[in-house]
Amino acid sequence: DILFIFNAQHDCGSGDCKITSSNSFERQERIETQKPKKILHHSSSQRYFINMHALHNSNLLRDTLPRSLTEPIPLLTNRGVKHQELAAELQISGPAK
């Protein structure tokens with residue numbers, strides 16, 4: 001059974017997918033150029049990215065996938081300290097009153 005539609009992209013970075021040039025050339029405004037067309041050859045890797053920011057079904061994705069795959073990963077371990085550092089820099093570099 002199909003529960004919902006989602007967007008997935010192949011993980012070419014870890015799959016070592018290759019870009020090669022073809023024998024045909026790109027066209028620009030109906031004129032053939034000398035620039036060869038690039039072709040992406042996907043590896044057989046089964047790793048994919050799921051678009052978690054899809055607005056139409058994000059709740060279904062979160063309900064279906066395990067929490068370990070959907071939990072947010074903090075960029076900073078201590079946001080408060082970083083905010084204070086940035087605020088201090090802005091106070092020093094701001095215009096004089």
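The values are calculated or read from the model by the stated rules, or taken from the named source; none is laboratory data. What you are looking at is a predicted structure, and each value in this text was computed from that prediction instead of being measured. No Cβ is skipped: glycine too gets one built from the backbone with ideal geometry, and neighbour counts run over all protein chains shown.
Would you pick out the residues in the range 38-57 that are at pLDDT 90 or above and surrounded by 13 or more Cβ atoms within 10 Å (Cβ to Cβ)? Matches in the range 38-57: S43, S45.
Quick one: how many residues across the range 61-87 are closer than 21 Å to N7 by Cβ, in a loop (DSSP other than H, G, I, E, B) and without any contact (Cβ under 8 Å) to a residue 12 or more places away in the chain? First the steps, then the outcome.
Step one: list which residues in the range 61-87 are closer than 21 Å to N7 by Cβ, which gives 61-73.
So of that shortlist, the ones also in a loop (DSSP other than H, G, I, E, B) come out as 65-66, 71-73.
Filter again for without any contact (Cβ under 8 Å) to a residue 12 or more places away in the chain, leaving 66, 71-73.
Number of matching residues: 4.
When only residues in the range 43-53 that are touching a helix residue (DSSP H, G or I) at 6+ places or on another chain (Cβ under 7 Å) and in contact (Cβ under 8 Å) with a residue 24 or more places away in the chain count, which is nearest to F4 (Cα to Cα)?
I50
Evaluation of L61 against the conditions (1) in contact with a strand residue (DSSP E or B) (Cβ under 9 Å, 6 or more places away or on another chain); (2) more than 28 Å from C12 (Cβ to Cβ); (3) of a type in the set (A, V, I, L, M) shows that the sole unmet condition is (2).
Looking only at the range 11-28, decide whether some residue is under 21 Å from the mean Cα position of the chain (by Cα), surrounded by fewer than 12 Cβ atoms within 10 Å (Cβ to Cβ) and among the basic types (K, R). Reasoning before the result, please.
Step one: list which residues in the range 11-28 are under 21 Å from the mean Cα position of the chain (by Cα), which gives 11-19.
Okay, now just the ones that are also surrounded by fewer than 12 Cβ atoms within 10 Å (Cβ to Cβ), so 13-14, 16, 18-19.
Within this subset, residues satisfying the condition of being among the basic types (K, R) are 18.
Looking for residues that are under 21 Å from the mean Cα position of the chain (by Cα), surrounded by fewer than 12 Cβ atoms within 10 Å (Cβ to Cβ) and among the basic types (K, R), one finds at least one in the range 11-28, hence yes.
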